[in-house]
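Contents: one structure, followed by commentary.
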Amino acid sequence: MLVDSPAAFLDACAALVPRPGAAATARGAFLVAPAEFALAAESARDNRYMAMEQAVDPLRALAQHQALAQALRADLPVVVFPGDPATPDAVFPNNVFGTAPGTLVVGRMRHGVRRREAQRSDIRAFFRELLGYAAIDLSGRDELVAELTGSLVIDRARGIGYCGLSERCDRAGAEAMHRAFGLRLTFCFELAAGEYHTNVVFALLAGRAAILAADGFADPAVPQAIAQVYGGRALWLTPAQKQAYAGNAITLAEDRVWMSAAAAAALDAGQCDTLARWGFRLGAVELSEIEKAGGSLRCCVGEIY
């Protein structure tokens with residue numbers, strides 16, 4: 001079922017039967033290392049977070065990425081695929097490749113510079129040959145745009161998708177992802193003007209709480225409805241905190257939230273105390289160089305379910 005209004009979403013949530021034992025967090029993760037890291041002007045057309053006026057240091061980006069992979073290994077196994085100089089900003093694989101149990105989903109990117117990533121045979125072979133996953137390939141479907149878990153935040157425990165519509169995901173893409181990920185309910189809503197991905201304005205924390213930037217949604221009732229589903233356990237971000245990528249966070253274990261060092265530094269003491277009260281430690285990794293490409297820690301992480 002796909003719904004488009006906060007009222008319909010809340011009614012549908014109330015009717016969902018609980019799924020005891022469904023995993024709220026991934027069993028593994030995969031990253032794509034930067035190679036000759038650079039910023040793609042094409043992507044900057046609809047990503048205002050990109051720092052096109054700043055120079056980038058490819059070696060520093062690589063070092064930060066290596067530190068990220070090592071840090072995340074404290075919570076789960078992490079596979080790092082080599083970067084490709086032909087796609088120098090391809091460090092955000094979660095937009096292109098996603099998983100449901102036994103299934104690899106390949107997204108349909110808006111920009112041609114990103115579509116090349118979807119053709120990587122090594123990532124496809126890893127899931128097909130090593131893990132035995134079937135593939136649902138949306139990359140060749142020119143009638144839609146679906147940038148996977150950039151546009152779609154998924155509550156895996158409940159089978160709920162939260163899909164922010166923008167230039168990076170249209171309604172046809174939302175419907176295709178709903179089916180591909182095997183979701184029970186998807187809530188579609190418009191992001192605010194200038195926002196490109198849902199996972200910059202909304203993070204779901206192990207199915208128990210949310211981080212929300214209210215100004216990232218076109219309709220203010222949408223984040224309020226999302227917060228209601230999680231019993232009011234919402235950490236509300238200021239516009240400055242959103243800009244620092246505090247909404248681009250991820251839980252890879254039940255008791256820890258990962259975000260970049262800049263994002264963590266943007267939180268105030270009360271917000272950190274709130275996360276602790278909800279049972280979450282805060283993990284932070286310096287990603288200042290990678291963030292110049294318009295994404296942060298969560299964007300770097302592909303989840304394996």
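The values are calculated or read from the model by the stated rules, or taken from the named source; none is laboratory data. As the structure is a prediction and not an experimental result, all values here were calculated from the model. Note that each Cβ is placed from the backbone with ideal geometry, even for glycine, and that neighbours are counted across all protein chains shown.
Between Ala61, Ala44, which is out of contact with any strand residue (DSSP E or B) (no Cβ under 6 Å at 6 or more places or on another chain), closer than 21 Å to Ala284 by Cα, modelled with pLDDT under 95 and buried (at least 16 other Cβ atoms within 10 Å of the Cβ)? I'd like the intermediate steps shown before the answer.
Details: Ala44 fails: closer than 21 Å to Ala284 by Cα.
After applying the criteria, what remains is Ala61.
Quick check: anything in region 89-99 outside any strand (DSSP E or B) and exposed (fewer than 15 other Cβ atoms within 10 Å of the Cβ)? Talk me through it step by step, then tell me what you get.
Initial filter on region 89-99 (outside any strand (DSSP E or B)): 89-96.
Right, trim to exposed (fewer than 15 other Cβ atoms within 10 Å of the Cβ) and you get none.
Checking region 89-99: not a single residue is outside any strand (DSSP E or B) and exposed (fewer than 15 other Cβ atoms within 10 Å of the Cβ).
Please work out if Arg281 is over 30 Å from Met1 (Cα atoms) and without any contact (Cβ under 8 Å) to a residue 40 or more places away in the chain. Quick ask: steps written out before the conclusion?
Numbers: over 30 Å from Met1 (Cα atoms): yes; without any contact (Cβ under 8 Å) to a residue 40 or more places away in the chain: yes.
Yes, satisfied.
Among the residues of region 179-191, are any within 14 Å of Gly107 (Cα to Cα) and crowded, with 19+ Cβ neighbours inside 10 Å? Working first, answer last.
Quick first cut of region 179-191, residues within 14 Å of Gly107 (Cα to Cα) only: 179-181.
From what's left, crowded, with 19+ Cβ neighbours inside 10 Å: 180-181.
Yes, that holds for at least one residue.
Please enumerate the residues belonging to region 64-74 that are in contact (Cβ under 8 Å) with a residue 24 or more places away in the chain, surrounded by fewer than 18 Cβ atoms within 10 Å (Cβ to Cβ) and more than 10 Å from Ala33 (Cα to Cα). Show your work before the answer.
Quick first cut of region 64-74, residues in contact (Cβ under 8 Å) with a residue 24 or more places away in the chain only: 64-69, 71-72, 74.
Subset that is surrounded by fewer than 18 Cβ atoms within 10 Å (Cβ to Cβ): 66-67, 71, 74.
Scanning region 64-74 gives Ala67, Ala71, Ala74.
If we keep just the residues of region 108-145 that are within 20 Å of the chain's Cα centre (by Cα), in a loop (DSSP other than H, G, I, E, B) and at pLDDT 95 or above, which is farthest from Val78 (Cα to Cα)?
Leu144
Given the options Gly283, Gly231, Gly270, name the one that is part of a helix (DSSP H, G or I) and not charged (D, E, K, R).
Values: Gly283 fails: part of a helix (DSSP H, G or I); Gly231 fails: part of a helix (DSSP H, G or I).
When all the criteria are applied, what remains is Gly270.
Can you name the residue in region 139-150 that is at negative phi and touching a Gly at 6+ places or on another chain (Cβ under 6 Å) and, of all such residues, is surrounded by the fewest Cβ atoms within 10 Å (Cβ to Cβ)?
Looking at the filtered set, the residue picked out is Leu144.
Kindly indicate the residue of region 230-254 that is of a type outside the set (A, V, I, L, M) and within 12 Å of the chain's Cα centre (by Cα) and also nearest to Arg27 (Cα to Cα) among those meeting that condition.
My answer is Thr251.
So Thr25 passes all but one of these: (1) in contact with a Gly (Cβ under 7 Å, 6 or more places away or on another chain); (2) modelled with pLDDT of 95 or more; (3) part of a loop (DSSP other than H, G, I, E, B); (4) of a type outside the set (D, E, K, R). Which condition number does it fail?
(1)
List the strands (runs of 3 or more DSSP E) inside region 171-223, counting only whole elements, that have at least 1 residues being at pLDDT below 95. Give the derivation first.
Numbers: elements: 185-190, 202-205, 209-212.
Where strands (runs of 3 or more DSSP E) fall fully within region 171-223, none carries at least 1 residues being at pLDDT below 95.
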